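Below you'll find the structure, written out as structure tokens, and then a few comments.
The values are calculated or read from the model by the stated rules, or taken from the named source; none is laboratory data. Worth saying up front: this structure is predicted, and the values here are computed from it rather than measured. Remember, those area values only see protein heavy atoms, side chains included, never the ligands or the DNA or RNA. Shrake-Rupley method; radii C 1.70, N 1.55, O 1.52, S 1.80 Å.
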Amino acid sequence: MGSLPPTANGLASPLAVQRNGEKPADRNIKEVVLGDVQFDTWYPSFYPEELVGREIDRLYVCQWCFKYSKDRTPYVSHTQTCPGQHTPPPGKKIYTRSLHSIYEVDGEEHQLFAQSLSLFAKLFLDNKSIFYDVTSFNYYLLVHTPPSLTAKPRIIGFFSKEKMSWDNNNLACILVFPPWQRKGLGKILMGVSYELSRREDRIGGPEKPLSELGRKGYMQFWQARVARTVLGLKAKNTLSVGDVAERCWMLPEDVVAALKEMAVLGPRKRADGSAVVSKARVREWVGRNSVDASPPASEEGFLELWEPGGEDEE
């Protein structure tokens, strides 16, 4: 099973999207086997040629540690003995709700895991930037626990976040693995990223620029978040964009983008020139669009005593 040299890592930003179902001709790996699931790749990744080759039809990837092999025999041998099948994912659990949990993984403490995960993720992320140091990132794993007593939990997605972002980015890249997409799971990851912003006491947002489809996904998330916040406030009939941004822990420009798409800005501005949000228009928008009032990441799901970037659980 392949493992990476200490400095090799592929990490793309910011959102995974497949362009109209097309698969680029320069993919160096055509399909992957992740545990018991086989699916096509979307983009090339940076797996070492000396271990994988210049171009292969299929890559076998361990669903627990993301080590890889171009041959089935060593892959099967590894999966039978991989310690990850008997233990929780690395890092610490910070959130659990229904069938899904989030684990926070320090890239510096779990470098090999973070590097292997990043290489796998690059197969589904169109690279905007390539980072070679996982130590400056935390990774937040989305783990699905099937209701069956015999089925084992599995990682089905993640997002990464810089430990120190001068732009207050609360998310660098995000990916739900293709077999589990279109189920609303990305919104759980987005919700957790904004909870990180709140707990760090800083207003933030995803790294930009967003892809076209990435922006569409975030716009839906932002609109629902803004609507829940505005309608959850009592007494006030109108609010400024700054009021909404502070309560949502969102960047003002992201709030403005969402409000414009919703067409809920009032016709008048305040004396200081700030735009005004009409609560009545927000309520009408929610009714027209049948927006779910419940947040995708419930506050009750976050584990007590957790603080971003703390120590791993023993």
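Cross-link candidates for Lys30: which aspartates and glutamates have Cα within less than 20 Å, leaving aside residues fewer than 8 places away along the same chain?
Glu22, Asp40, Glu49, Glu50, Glu55, Asp57, Asp71, Asp126
Hey, can you grab everything whose amide H is under 5 Å from the amide H of Leu251? Only 5+ residues off in sequence or another chain; H modelled, so Pro and N-termini drop out.
Gly204
Whose amide H sits under 5 Å from the amide H of Asn28, counting only residues 5 or more places off or on another chain, with H placed in the peptide plane?
Ser45
May I ask you to evaluate 6.51 cos²θ - 1.76 cosθ + 1.60, the Karplus curve with θ = phi - 60°, for each residue of the stretch 287-300 and list the ³J(HN,Hα) values in order in whole Hz, giving x for glycine and proline?
x, 5, 9, 6, 6, 5, 6, 8, x, x, 10, 6, 4, 5
Using the heavy atoms of the protein chains and a 1.4 angstrom probe, tell me the accessible area per residue for the stretch 99-205 in square angstrom.
38 Å²
Explain nothing, just compute: Karplus ³J(HN,Hα) = 6.51 cos²θ - 1.76 cosθ + 1.60, θ = phi - 60°, for every residue of the stretch 106-117 in order, whole Hz, x for Gly and Pro.
Running phi through 6.51 cos²θ - 1.76 cosθ + 1.60 with θ = phi - 60° gives 7, x, 6, 7, 10, 5, 4, 4, 5, 5, 5, 4 Hz.
Would you mind calculating the relative contact order of the stretch 50-197 from Cα pairs under 8 angstrom and at least 6 residues apart, reporting the percent as a whole number?
Relative contact order for the stretch 50-197 comes out at 16 percent.
Would you grab the residues whose amide H sits under 5 Å from the one on Lys208? Only those 5+ places off in sequence or on another chain, please, with H modelled 1.01 Å from N.
Under 5 Å from the amide H of Lys208: no residue qualifies.
Output ³J(HN,Hα) for the stretch 133-148: one whole-Hz value per residue in order, computed from phi by the Karplus curve 6.51 cos²θ - 1.76 cosθ + 1.60 with θ = phi - 60°, and x for Gly and Pro.
Values per residue, Gly and Pro as x: 9, 6, 5, 8, 10, 9, 10, 10, 8, 9, 10, 9, 10, x, x, 5 Hz.
According to the Cα gyration tensor, what semi-axes, each the square root of 5 times an eigenvalue, does the equivalent ellipsoid of the stretch 81-240 have, listed from largest to smallest in whole Å?
Over the Cα atoms of the stretch 81-240, the ellipsoid semi-axes are 28, 20, 16 Å.
Classify the stretch 95-161 from the C-alpha gyration tensor, please: rounded if a/c falls under 1.5, else prolate or oblate depending on whether a/b exceeds b/c.
Prolate is the answer for the stretch 95-161, as a/c is 1.5 or above and a/b outweighs b/c.
List, in the order given, every pair from Lys67/Lys92; Lys93/Lys163; Lys67/Lys216; Lys187/Lys208; Lys92/Lys279; Lys183/Lys269 whose Cα-Cα distance in the structure shown is over 29 Å.
Violating the 29 Å limit, Cα to Cα: Lys67/Lys216; Lys92/Lys279; Lys183/Lys269.
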